[in-house]
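Undergrad: Here it is, the structure in full.
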Amino acid sequence: MREKNIPPLLAQEEVSQLLNVPSQRLEEAYWKGTIKNYQKHNLEAIQFRKGLGSVEAGTMVIMGEEIEVIRGFPKIRRTLLLKPALEKHFTGGNVAVEEKMNGYNVRIACIDHRIFAFTRGGYVCPYTTRKANEILDLDLFFQENPDMVICGEMVGTLNPYVSHYYPEVGKLGFRIFDLRKKITNTPLTVMDKRELLEEYGLEPVRLLGIFSVKEAPKKILEIVKDLGYKDREGVVMKDPMMQLEPLKYTSSQAQASELEYALSYPFDLARAFLFSRIIREGFQAYEMAETNDELRERALRMGESIIYPMLGTIKKVKEGEIAAEDLVIEVENQEEAEEFIRHLRDLKVMATLVEIKDGKAVIRRIHQSTNDKVNNYLQGGLY
Ligand code: ATP
Ligand code: MG
């Protein structure tokens, strides 16, 4: 016996047509839990927890005045070696190189005259929604482009998901990397996007150049090296016409800072992070053909980003501190902080409010496994 009924929205033939997925497959996906009912923030919607056919994970189908579809942001694959990968992939002959900003992915859309910010999985994030409305002036853009979804990166230090300092941003800023259509997810070309954003005074990510496939690898290696020195993440390489999938490539320093984070909570995060970052470094070292000194610097950077944070955590736990990270967000009152914590709980992130001071809430996210295991080993537990 099926104990739940299909959500009324999912039962509508129009949804199947808009997504180009047969009703029966949608229904099956619902029973499997791939698709969930989503009723929050006065939205009646269905959320794609996983991809289904060509429909990306993170897609939201929303019951508005009409049925709205905000498609998930497509996954961007990575090159390990630029030269062979670019030659093989960018068959159009040219590569537009944009800076890859290190923050979190946000899709902003207007639904029934309200502006919502969705995070990667298709959740409305109350903090991001509030901040997006504060930082950006979007009314005119959405009045004139109601069928567009603004895809961008929320960056800066007052950032509860990925806190990273950019001198030009400071506490919190938003940089736009794609404008896509509702329903189909069709992106504007690189130049059309930039022109449209310019018209509305909205800030795009930096365009670092458009190169022929032949010259691109060398240029990009230089660019990424330089970004790395400035503690910046890397690049996303795009077909100027946006007909081909974009690719990403990141600096050694970005790899190191992710390792540093993961190894601060070794039993919660390290396993998922380590292998892929090591592989990236190996191939980058090969392609960058570095001097002995540079190579040694890379090796040291990697080693240090593994050992020091882990040692730091072991010492902390030994001192009786808890393995946890503190997120800081701006709030106007206690309720806003609590609302954000409820949102984190929806995402299965355990977090508690530490304090609210000077308009900032400190929220503690505990890394339980790290805490328990490190304590166990400190008491003689065997590995
Ligand atoms: P996923 O690829 O699924 O997003 P991930 O955590 O591995 O997961 P990243 O490695 O950060 O993601 O790379 C992809 C993300 O980079 C995009 O989802 C987007 O949020 C971000 N990004 C930053 N700058 C750009 C840009 N210029 N163009 C496209 N994406 C960008
Ligand atoms: Mg990222």
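The values are calculated or read from the model by the stated rules, or taken from the named source; none is laboratory data. Just so you know, these numbers come straight off a predicted model, no measurement behind them. Cβ: placed from backbone, ideal geometry, glycine included. Neighbour counts: every protein chain shown.
Undergrad: Quick one: how many residues across region 196-248 are surrounded by fewer than 16 Cβ atoms within 10 Å (Cβ to Cβ), farther than 29 Å from Leu136 by Cβ and of a type in the set (Gly, Ala, Ser)?
TA: 1
Undergrad: Do we have Glu87 as in the same structural domain as Met237 (by TED's automatic domain parsing), of a type outside the set (Ser, Thr, Tyr) and within 16 Å of ligand 1 (Cβ to nearest atom) here?
TA: On the way: in the same structural domain as Met237 (by TED's automatic domain parsing): yes; of a type outside the set (Ser, Thr, Tyr): yes; within 16 Å of ligand 1 (Cβ to nearest atom): no.
It is false that Glu87 is in the same structural domain as Met237 (by TED's automatic domain parsing), of a type outside the set (Ser, Thr, Tyr) and within 16 Å of ligand 1 (Cβ to nearest atom).
Undergrad: If Glu245 passes every condition in (1) within 14 Å of ligand 2 (Cβ to nearest atom); (2) not in a helix (DSSP H, G or I) but one, which one does it miss?
TA: Against the list (1) within 14 Å of ligand 2 (Cβ to nearest atom); (2) not in a helix (DSSP H, G or I), Glu245 comes up short only on (1).
Undergrad: Which residue is nearest to ligand 1 (Cβ to nearest atom), if the candidates are limited to region 99-128 and must be under 17 Å from Glu44 (Cβ atoms) and either among the β-branched types (Val, Ile, Thr) or not assigned by TED's automatic domain parsing to the domain that holds Val162 (or both)?
TA: Once the filter is applied, the top-ranked residue is Val124.
Undergrad: Which of the following residues is surrounded by 11 or more Cβ atoms within 10 Å (Cβ to Cβ) and farther than 24 Å from Asn133 by Cβ: Ile306, Ile341, Ile356?
TA: Values: Ile341 fails: farther than 24 Å from Asn133 by Cβ; Ile356 fails: farther than 24 Å from Asn133 by Cβ.
Among Ile306, Ile341, Ile356, only Ile306 is surrounded by 11 or more Cβ atoms within 10 Å (Cβ to Cβ) and farther than 24 Å from Asn133 by Cβ.
Undergrad: Select from region 146-172 the residues that are within 13 Å of ligand 1 (Cβ to nearest atom) and of a type in the set (Gly, Ala, Ser) and list them in ascending order.
TA: Once the filter is applied, which keeps residues that are within 13 Å of ligand 1 (Cβ to nearest atom) and of a type in the set (Gly, Ala, Ser), region 146-172 yields only Gly152.
Undergrad: Does Lys193 count as more than 22 Å from the chain's Cα centre (by Cα) and surrounded by 16 or more Cβ atoms within 10 Å (Cβ to Cβ)? Can you show your working first?
TA: On the way: more than 22 Å from the chain's Cα centre (by Cα): no; surrounded by 16 or more Cβ atoms within 10 Å (Cβ to Cβ): yes.
No: the conditions fail for Lys193.
Undergrad: Residues to consider are Pro146, Pro167, Pro187, Pro126; find the one that is surrounded by fewer than 18 Cβ atoms within 10 Å (Cβ to Cβ) and in contact with an Asp or Glu (Cβ under 7 Å, 6 or more places away or on another chain). If you could, list the steps in order and put the result at the bottom.
TA: Values: Pro146 fails: in contact with an Asp or Glu (Cβ under 7 Å, 6 or more places away or on another chain); Pro167 fails: in contact with an Asp or Glu (Cβ under 7 Å, 6 or more places away or on another chain); Pro187 fails: surrounded by fewer than 18 Cβ atoms within 10 Å (Cβ to Cβ).
Answer to the selection: Pro126.
Undergrad: Still on this model: Would you mind finding the one in Ile150, Ile183 that is in contact with a strand residue (DSSP E or B) (Cβ under 6 Å, 6 or more places away or on another chain), under 18 Å from Cys110 (Cα atoms), touching a residue at least 40 places away in the same chain (Cβ under 8 Å) and in a loop (DSSP other than H, G, I, E, B)?
TA: Values: Ile150 fails: in a loop (DSSP other than H, G, I, E, B).
Of the residues listed, the single one that is in contact with a strand residue (DSSP E or B) (Cβ under 6 Å, 6 or more places away or on another chain), under 18 Å from Cys110 (Cα atoms), touching a residue at least 40 places away in the same chain (Cβ under 8 Å) and in a loop (DSSP other than H, G, I, E, B) is Ile183.
Undergrad: Right, another one. Kindly establish whether Gly209 is over 14 Å from Thr91 (Cα atoms), assigned by TED's automatic domain parsing to the domain that holds Val169 and assigned to a loop (DSSP other than H, G, I, E, B).
TA: Working: over 14 Å from Thr91 (Cα atoms): yes; assigned by TED's automatic domain parsing to the domain that holds Val169: yes; assigned to a loop (DSSP other than H, G, I, E, B): no.
When the stated conditions are applied, Gly209 does not pass them.
Undergrad: Also, quick follow-up: How many residues does region 212-245 hold that are away from ligand 1 (no atom under 16 Å from the Cβ) and aliphatic (A, V, I, L, M)?
TA: 2
Undergrad: Quick check on region 90-142: of everything there that is under 21 Å from Leu208 (Cβ atoms) and within 19 Å of the chain's Cα centre (by Cα), which residue is farthest from ligand 2 (Cβ to nearest atom)? If you could, list the steps in order and put the result at the bottom.
TA: So the first thing to find is which residues in region 90-142 are under 21 Å from Leu208 (Cβ atoms), and the list is 90, 92-103, 105.
Now drop any that are not within 19 Å of the chain's Cα centre (by Cα), which leaves 97-103, 105.
Numbers: Val97: 17, Glu98: 13, Glu99: 12, Lys100: 7, Met101: 8, Asn102: 6, Gly103: 7, Asn105: 7 Å.
It comes out as Val97.
Yes/no matrix, rows are residues, columns are (1) in a helix (DSSP H, G or I); (2) among the basic types (Lys, Arg):
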{"site": "Ile279", "(1), (2)": "yes, no"}
{"site": "Met302", "(1), (2)": "yes, no"}
{"site": "Pro309", "(1), (2)": "yes, no"}
{"site": "Lys315", "(1), (2)": "yes, yes"}
{"site": "Ile322", "(1), (2)": "no, no"}
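Undergrad: Also, I was wondering about something else. Output yes when any residue across region 40-58 is within 16 Å of ligand 2 (Cβ to nearest atom) and not assigned by TED's automatic domain parsing to the domain that holds Glu258, and no when none is.
TA: Taking region 40-58 as the starting set, the residues that turn out to be within 16 Å of ligand 2 (Cβ to nearest atom) are 57-58.
Those still in the list that are not assigned by TED's automatic domain parsing to the domain that holds Glu258 too: 57-58.
So far as region 40-58 goes, yes, one or more of its residues are within 16 Å of ligand 2 (Cβ to nearest atom) and not assigned by TED's automatic domain parsing to the domain that holds Glu258.
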